[in-house]
Amino acid sequence: MAVIDQIILLQDVDNKLFEINKLLGDLPNQVQELTDQQESTTQSLADKEELLKTTSVDIQTSETLIATTQEKVDTLKDKLIDGSISNNKEYDAMMDTIDFEKNIIFEKENELLVLMETKENLSKEIDEDKAALDGIIEELNTKKESLNKKVDDVSEEKNALAKERDSIVVGIDADTLDQYAQIYEARSGVACSEILDSNCEGCGGYIPPQIVNEALAKSIVNCGTCSRFLHKSEI
Ligand SMILES: [Zn+2]
């Protein structure tokens, strides 16, 4: 087979390979994006669960402190009326102590309110994160399944084309192959052009009769304007 015919076959195979790769499309990127999202959501969920734990411990500590302080206040109040106080000075001191302890209770109760609100918000966020994570995992699995199916569907075809490509390039010398690769890249997958009348089909450029004859003789000739490999079938 003439080299120009091999080049035309090669272009055909390369275009099919290009379409196959396009068919796989953006799926690998989408899977990667979802995997990243899954990881960051998992991490943020773990952080919030850790914070929820420490907040729960803080709540218990506050509650215990409030309860013991309240007991202290109750005991002090009992002393006010059980006759153990003998003078006004002792009475005033006792009242001061009670006020001091009551103030501690007041402050701790305020702290407790903040802690409880934090706990409630965290619980809500954790529930939301868990739901989001479920959605992401579901979407990820669907995308992965779809990708795997597509890969399976086209891999056989891709392998066959790659084999075909290997067998074609064996018949083309290295320089021509390099030239082909450059033109294929520069001309977006159209490296070959037919001569219609005396013009290049690809760019419309004029092709001199001598070149037309060489193309008819299956020699390797290129368009002087767009550099594409020229071919012309006998009429
Ligand atoms: Zn041309």
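The values are calculated or read from the model by the stated rules, or taken from the named source; none is laboratory data. Computed from a prediction, not measured in an experiment: that's the story for all the values here. Glycine gets a Cβ as well: all are built from the backbone with ideal geometry, and neighbour counts include every protein chain shown. When the accessible area is computed, the model is the full protein with side chains, heavy atoms only, and any ligands, DNA or RNA have been set aside. Shrake-Rupley method; radii C 1.70, N 1.55, O 1.52, S 1.80 Å.
If a residue has to be open to solvent by 20 Å² or more (accessible area, probe 1.4 Å), at negative phi and either more than 14 Å from the ligand (Cβ to nearest atom) or in contact with a helix residue (DSSP H, G or I) (Cβ under 8 Å, 6 or more places away or on another chain) (or both) to count, how many in the stretch 181-221 make the cut?
Of the residues in that region, 14 qualify.
Kindly check whether there is at least one residue in the stretch 152-160 that is in contact (Cβ under 8 Å) with a residue 40 or more places away in the chain, more than 16 Å from the ligand (Cβ to nearest atom) and assigned to a loop (DSSP other than H, G, I, E, B). Give the derivation first.
In the first step, residues of the stretch 152-160 are kept if they are in contact (Cβ under 8 Å) with a residue 40 or more places away in the chain; the result is 154, 157-158.
Going one step further and asking which of them are more than 16 Å from the ligand (Cβ to nearest atom), we end up with 154, 157-158.
When the remaining residues are screened for being assigned to a loop (DSSP other than H, G, I, E, B), the result is none.
No.
What number of residues within the stretch 204-235 satisfy the criterion of being part of a loop (DSSP other than H, G, I, E, B) and of a type in the set (A, V, I, L, M)? If you could, list the steps in order and put the result at the bottom.
Taking the stretch 204-235 as the starting set, the residues that turn out to be part of a loop (DSSP other than H, G, I, E, B) are 204-205, 207-208, 217-221, 223-228, 232-235.
Subsequent filtering for residues that are of a type in the set (A, V, I, L, M) retains 207, 217, 220-221, 235.
Count: 5.
Please find, within the stretch 145-161, the residue that is modelled with the highest pLDDT out of those that are more than 20 Å from Asn15 (Cβ to Cβ) and either open to solvent by 80 Å² or more (accessible area, probe 1.4 Å) or of a type in the set (D, E, K, R) (or both).
Here the residue is Glu145.
Restricting to the stretch 173-211, count the residues that are hydrophobic (A, V, I, L, M, F, W, C), touching a residue at least 12 places away in the same chain (Cβ under 8 Å) and within 14 Å of Val221 (Cα to Cα). Don't jump to the end; show me each part of the working.
First pass over the stretch 173-211, keeping only residues hydrophobic (A, V, I, L, M, F, W, C): 174, 177, 181, 183, 186, 190-192, 195-196, 200, 203, 207, 211.
Narrowing the set further to residues that are touching a residue at least 12 places away in the same chain (Cβ under 8 Å) leaves 183, 186, 190-192, 195, 200, 203, 207, 211.
If we keep only those that are within 14 Å of Val221 (Cα to Cα) as well, we get 183, 191-192, 195, 200, 207, 211.
Of the residues in the stretch 173-211, 7 are hydrophobic (A, V, I, L, M, F, W, C), touching a residue at least 12 places away in the same chain (Cβ under 8 Å) and within 14 Å of Val221 (Cα to Cα).
Can you confirm whether Thr142 is away from the ligand (no atom under 16 Å from the Cβ), in a helix (DSSP H, G or I) and open to solvent by less than 40 Å² (accessible area, probe 1.4 Å)?
On the way: away from the ligand (no atom under 16 Å from the Cβ): yes; in a helix (DSSP H, G or I): yes; open to solvent by less than 40 Å² (accessible area, probe 1.4 Å): no.
No, not satisfied.
Quick one: what pairs do we get from the stretch 119-138, first residue more than 12 Å from Leu52 (Cβ to Cβ), second polar (S, T, N, Q), C-beta under 6 Å, 6+ apart or different chains?
What qualifies is Ala132/Thr41; Leu133/Thr41; Ile136/Gln37; Ile136/Gln38.
Between a residue in the stretch 3-17 that is open to solvent by less than 50 Å² (accessible area, probe 1.4 Å) and any residue that is among the acidic types (Asp, Glu), which pairs come within a Cβ distance under 6 Å, given they are 6 or more apart or on different chains?
Partner pairs satisfying both residue conditions: Val13/Glu164.
Spot the failing condition for Leu177; the list is (1) assigned to a helix (DSSP H, G or I); (2) of a type in the set (A, V, I, L, M, F, W, C); (3) touching a strand residue (DSSP E or B) at 6+ places or on another chain (Cβ under 9 Å), and only one is missed.
So Leu177 meets the others, but not (3).
For the stretch 75-102, which positions are closer than 28 Å to Asp58 by Cα and open to solvent by less than 80 Å² (accessible area, probe 1.4 Å)?
Across the stretch 75-102, the qualifying residues are Thr75, Leu76, Thr97, Ile98, Glu101.
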